[in-house]
Amino acid sequence: MCTSAEIDMLSNVPILLYHSIAPFELSGVWIPKMRFEKQIRWLFKNHFSCIKPQKLFVDDPPPRPVVITFDDGYDNFYENGLPVLLKYGFTATIFVVSHYVGKTNTWDAGVTRRTHMGWDKLREFPGLGFEIASHTDTHSDLTKLSRKEVRRELEFSKKTIEDKIGKPVEFLSYPFGRHSKFVRDCAKELGYTACFSSNPFSRDRWAIGRMGVYIIDTMKEYRVKVHPQNKSLYKLEGIKTNVINSVSIGTPVWKSLIEKTIGNDEVWS
Ligand SMILES: [Zn+2]
């Protein structure tokens with residue numbers, strides 16, 4: 001359960017969710033570097049302070065806080081996202097899929113193949129003030145796994161990243177935003193500080209809501225995404241984000257169908 005102060009904080013601090021920053025992709029979850037820079041420059045000029053997730057649970061947040069998160073830990077973040085954030089003195093929390101570090105995203109049914117950052121790059125982030133966190137071990141839909149498998153995904157990824165990075169892993173984001181009571185309880189029991197979902201309306205410490213940023217967003221819509229206090233417009237943006245998320249939730253289903261039709265090796269190697 002959240003305290004009322006936590007619910008107030010989670011309701012008023014914008015928490016953004018990005019995935020891929022690339023020149024072009026056949027997917028809905030990318031934005032070009034120039035657009036990303038425009039958004040971060042706008043936050044900078046409007047005096048937003050980028051905070052780490054730990055600050056969501058303290059009493060003295062800075063004025064105009066914002067949390068920036070990246071799911072999946074793609075290599076294109078290192079090339080295109082990191083330089084922009086450093087230029088404006090911002091940081092981010094990067095959720096890493098431990099089994100796929102340094103490998104291609106074969107867990108995704110999308111047409112676009114992306115590489116994940118390797119451990120050498122990930123090790124640089126804590127020194128730059130960035131947070132490295134878990135996005136599980138294999139990016140599976142946790143609600144479809146056995147209890148033993150869920151525990152393994154959460155425990156093994158946490159331990160692997162901690163061993164490789166040399167820093168505690170406090171936060172988890174759920175692949176495809178999917179979670180259940182058992183999944184949330186398991187995260188709590190394994191010592192995570194809090195977990196993140198992709199539903200912008202969630203106000204639970206174990207499924208903190210995030211607002212996705214996508215290629216279709218205009219600058220006007222982006223400004224709404226960082227103003228949860230503007231409840232009616234924020235709600236519309238949240239509904240749009242949930243519609244886009246519902247497509248990504250179908251990813252495991254699409255992947256399984258394609259594998260059954262064409263064969264695993266041909267599609268994913
Ligand atoms: Zn993901």
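The values are calculated or read from the model by the stated rules, or taken from the named source; none is laboratory data. No experiment lies behind these values; they were computed from the predicted model shown. Every residue, glycine as well, gets a Cβ built from its backbone with ideal geometry; the counts of neighbours run over all protein chains shown.
A few points about this structure:
Residue-wise test of (1) aromatic (Phe, Trp, Tyr); (2) at pLDDT below 95; (3) more than 19 Å from the chain's Cα centre (by Cα).
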site: Ile132; (1), (2), (3): no, no, no
site: Thr136; (1), (2), (3): no, no, no
site: Lys144; (1), (2), (3): no, no, yes
site: Lys164; (1), (2), (3): no, no, yes
site: Pro175; (1), (2), (3): no, no, no
site: Ser180; (1), (2), (3): no, no, no
site: Ala187; (1), (2), (3): no, no, no
site: Tyr192; (1), (2), (3): yes, no, no
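- For the range 229-259, a residue qualifies if it is touching a Lys or Arg at 6+ places or on another chain (Cβ under 7 Å) and modelled with pLDDT of 90 or more, and exactly one does: Glu237.
- If only residues of the range 70-91 that are away from the ligand (no atom under 15 Å from the Cβ) and not in a helix (DSSP H, G or I) are counted, the one that is surrounded by the most Cβ atoms within 10 Å (Cβ to Cβ) is Phe90.
- Here the condition is being away from the ligand (no atom under 13 Å from the Cβ), over 20 Å from Met211 (Cα atoms) and among the hydrophobic types (A, V, I, L, M, F, W, C); of Val101, Val67, it holds for Val101 alone.
- Test result for Val29, aliphatic (A, V, I, L, M), surrounded by fewer than 20 Cβ atoms within 10 Å (Cβ to Cβ) and within 18 Å of Gly212 (Cβ to Cβ): no
- Top-ranked residue of the range 129-170 - restricted to ones that are assigned to a loop (DSSP other than H, G, I, E, B) and polar (S, T, N, Q), ranked as nearest to Gln54 (Cα to Cα): Thr136
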